[in-house]
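Here is the structure we will look at, set down as structure tokens.
No lab work stands behind these numbers, since they all come straight from the coordinates. Because the structure is predicted, anything quoted here is derived from the model rather than measured. Using ideal geometry, Cβ is built from the backbone for each residue, glycine included, and neighbour counts are taken over all protein chains shown.
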Amino acid sequence: MAPILPPQAQNIRTRPGTPHDVEASKDIKLFQPSTIRSVTIPNRIVVAPMCMYSCEDGFLNDFHLAHYFSFAFKGAGLIIIEATAVEPQGRISPEDSGLWSDDHIAPLKRVVDMIKSQGSVPGIQIAHAGRKASMGSPFAGYRIVPEEANGWSKDVRSPSELPFDEKHCQPHALTKEEIQDLVQKFADTAVRADKAGIEVLEIHSAHGYLLHNFLSGNSNKRNDEYGGSLENRMRFPLEVAKAVRAVWPEHKPLWLRFSSSDFKESDHFAHDPEGWDIYQATEYGKKLKEIGVDVIDCSSGGNISGARYPTAPHFQVPFAETIRREVDIPTGAVGLITEPIDAEKVLQEGKADYILLAREFLRDSGWALRAARELKVPVKWPNQYERADNERWVGKNGK
Ligand SMILES: Cc1cc2nc3c(=O)[nH]c(=O)nc-3n(C[C@H](O)[C@H](O)[C@H](O)COP(=O)(O)O)c2cc1C
């Protein structure tokens, strides 16, 4: 594998400092570092996991190198690489990222090394799409991909034989042997992520994918020990978390993203005891904490067709706040957070510990630099871009 940067570029910073420097920003929480276990994230700004649907057979490529570079170069603290499947059938689309074989480690390491070279922390989300697998990417038309088009529509896996809706594949119910096999696959994938140099691992337990399918009675109709009561519905996701924690190095943090509610009702705190609600999510959070999950990234929804989301800026922050308080665990807030001052306020008010942004980072990969400027935090811009740092350059030399 060729080095990711030519030798002369390995040491491109001729003056000390990077956008990740935080010394002068003690009052602004968004730019304060945090250390969990032995990993220090230089600020609280996180690139949320985002599928790019641009892989072949699960392999990351030059597109991903350039894509993730753009955030690392411009000061994001933690970059969580997109949902990465633990087995081929665990991809949403045939173009999803994967880490189900050792062959996937080197291309991932290339991206990881590049992220580290810029001072950011590399994370990854490991995932299984469950009953929402074998679909086309959004830009290929989000519809069922059949076998003849490289799909696996007849081998879609779920707790029960209940499709998401008529536009998704008919899943088959996993046997207990298949469930155990998947627990092992999550653990094996975590080992590979470690070998690639990933520092923060996030388990995907949200958005109507496999772990969430088990958690929610809206998708889990089993009548064995993996279905029915909350304890039974949590069994498989907790087995996954336990198996992953057992192999994920003690000194590295483990994050988990869950949907805090299925939003059967358009109300954050509505009860859905037979399905999935914030009260059950809180119990799940407590168990995850006991297992050694360090941070819960609080998202919502994705598990029932026709859910009614109270979509508005910051609409998921109440979940991050509730989980942080009730479980007493650091949380990530995500969802329609776009303005630095608002992000700072979420942290100042103690509602979350990290701010994750997805679409806003696609609009502006330099959001961290924008935040520094707007919050008047004197971070060091990358040398090559320094003349765009208004504070320092506008007015100088008249150029
Ligand atoms: C293109 C795209 C791909 C996404 N892929 C993932 C993913 O791989 N895993 C995940 O948990 N969420 C995924 N999401 C959801 C985001 O991580 C985020 O939770 C959501 O977009 C809300 O945040 P935002 O308002 O800042 O965009 C994706 C979102 C977008 C826009």
Self-check item: Ordering of 225-235, 62-72, 120-130, 188-198 by packing [mean C-beta count within 10 Å, highest first]
Solution: 120-130, 188-198, 62-72, 225-235
Quiz item: What shape does the stretch 259-344 have by the C-alpha gyration tensor, where a ≥ b ≥ c are the square roots of the eigenvalues, rounded means a/c under 1.5, and otherwise prolate means a/b greater than b/c and oblate the rest?
Solution: oblate
Quiz item: Counting every Cα pair in the chain, what percent are over 31 Å apart?
Solution: 35
Quiz item: Which values of log₁₀ I(q)/I(0), to two decimal places, follow from the Debye formula for the stretch 179-255 at q = 0.21, 0.22, 0.23, 0.24 Å⁻¹ with a uniform point scatterer at every Cα?
Solution: -0.89, -0.95, -1.00, -1.06
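Placing +1 at every Lys and Arg Cβ and -1 at every Asp and Glu Cβ, with all other atoms neutral, what dipole size does the chain have around its Cα centre, in debye to the nearest 20? Mind dumping the intermediate values first?
Details: 48 positive and 55 negative charges, 276 e Å.
It comes to approximately 1320 debye.
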Quiz prompt | Given K29/K116; K116/K252; K345/K380, the pairs whose alpha carbons are separated by over 18 Å | solution = K29/K116; K345/K380
Quiz item: In units of 2.2 N^0.38 Å, what is the alpha-carbon radius of gyration of the stretch 146-220?
Solution: 1.26
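If you count, for each residue, the other Cβ atoms within 10 Å and average over each peptide, how do 331-337, 299-305, 347-353 line up from highest to lowest?
331-337, 299-305, 347-353
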Self-check item: Unit charges on C-beta of K, R, D, E only; dipole of the stretch 226-276, Debye
Solution: 380
Quiz item: What's the angle, to the nearest 10 degrees (0 to 90), between helix 278-291's Cα axis and the longest principal axis of the chain?
Solution: 70
Quiz item: Which of the peptides 172-182, 84-94 is most tightly packed, and how do the rest follow, going by the mean number of other Cβ atoms within 10 Å of each residue?
Solution: 84-94, 172-182
Exercise. Find the percent of Cα-Cα distances in the stretch 282-394 that exceed 24 Å, and round it to a whole number.
Key: 38
Quiz item: Given the options P253, P313, P171, which has the most mean-square fluctuation in a GNM of the chain, springs set between C-alpha atoms less than 10 angstrom apart?
Solution: P313
